[in-house]
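**Q** Next up is a structure, given as structure tokens.
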């Protein structure tokens, strides 16, 4: 049985932060096959259903904001912009979580990530 080859670097932009290391890169430090399997799962999930890239990215942003996953949020903030989302739309999906799944502090924190990435 041969060892799967790594899929290579992501084909989408990561964070604009100079010191950013993605969670996938951290996982890859321990296991390339697991990291590759995770990438494959994400590619399959992206291909499933009828949402366009912008809709998918905005949905993903809410999940990352709610779980306070800064790395995932920053990556998908950039991807959302590249898929056509405006700064205002991204801000709105974060603000919509206020009082539902998030309190004031995590909302303001996520908004600061948006502004770090997109301004």
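We did not get these values from a lab; they are worked out from the coordinates using the rules stated. Nothing here was measured: the structure is a model prediction, and the numbers come from that model. We place every Cβ from the backbone using ideal geometry, glycine too, and count neighbours over all the protein chains shown.
**Q** So if we plug the beta-carbon distance of residue 98 and residue 21 into 1/(1 + (r/R0)^6) with R0 = 35 Å, what FRET efficiency do we get, rounded to 0.05?
**A** With a Förster radius of 35 Å, E is 0.75.
**Q** Remind me, relative contact order of segment 52-118 in percent, using alpha carbon pairs under 8 angstrom and six or more residues apart?
**A** 40 percent
**Q** Say each of residue 45 and residue 82 gets a label point 7 Å from the Cα, pointing the same way as Cα to Cβ; how far apart are those two points in nm?
**A** 1.8 nm
**Q** Restricting things to alpha carbons, tell me how big segment 52-118 is in terms of Rg and Dmax, in Å.
**A** So, for segment 52-118, Rg and Dmax equal 10.3, 30 Å respectively.
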